[in-house]
């Protein structure tokens, strides 16, 4: 698809935010809400379970540096088990 030369004038100066995801395993109940609502589909269900037997979310292969710090995962998590911290690249 051709854009006909239209793009933002400051595109070279634009900075896409990056985040690093953190999980508190003992809080997670494996509901999958963070996986379902991640707009970039960064998370997947892992085969690792916490002490209560709930399967934890994990970062999907190839998506290690894809988080844009939107914080949907932390906003949607009913147990406050996942959060993102903005990183400078």
Expected output for the stretch 72-89 (first residue closer than 15 Å to residue 26 by Cβ, partner assigned to a strand (DSSP E or B) and at pLDDT 95 or above, Cβ below 6 Å, 6+ apart or cross-chain) is 82/23; 83/22
Result of the Cβ filter at 6 Å on the stretch 7-21, keeping first residues that are under 21 Å from residue 87 (Cβ atoms) and partners that are part of a loop (DSSP other than H, G, I, E, B), at least 6 apart or interchain, is 17/68; 17/69; 18/89; 19/67; 19/69; 21/67
- Query: Does residue 39 satisfy the criteria of being farther than 15 Å from residue 78 by Cβ and more than 10 Å from the chain's Cα centre (by Cα)?
  - Reply: no
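So if I check each of 77, 38, 73, which one is farther than 25 Å from residue 15 by Cα and crowded, with 18+ Cβ neighbours inside 10 Å? I'd like the intermediate steps shown before the answer.
Values: 38 fails: farther than 25 Å from residue 15 by Cα; 73 fails: farther than 25 Å from residue 15 by Cα.
Residue meeting the stated conditions: 77.
Quick check: anything in the stretch 58-69 in contact with a helix residue (DSSP H, G or I) (Cβ under 7 Å, 6 or more places away or on another chain), surrounded by 17 or more Cβ atoms within 10 Å (Cβ to Cβ) and modelled with pLDDT of 95 or more?
The initial filter retains those residues of the stretch 58-69 that are in contact with a helix residue (DSSP H, G or I) (Cβ under 7 Å, 6 or more places away or on another chain), namely none.
No.
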The correct count of residues that are at pLDDT below 95 and assigned to a loop (DSSP other than H, G, I, E, B) in the stretch 1-38 is 14
* Restrict the check to the stretch 47-66 and report whether at least one residue is farther than 22 Å from residue 87 by Cβ, touching a strand residue (DSSP E or B) at 6+ places or on another chain (Cβ under 9 Å) and assigned to a loop (DSSP other than H, G, I, E, B). => yes
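The values are calculated or read from the model by the stated rules, or taken from the named source; none is laboratory data. Just so it is clear, the structure is predicted and the values come from calculations on it, not from any experiment. Virtual Cβ from ideal backbone geometry, glycine too; neighbours counted across all protein chains shown.
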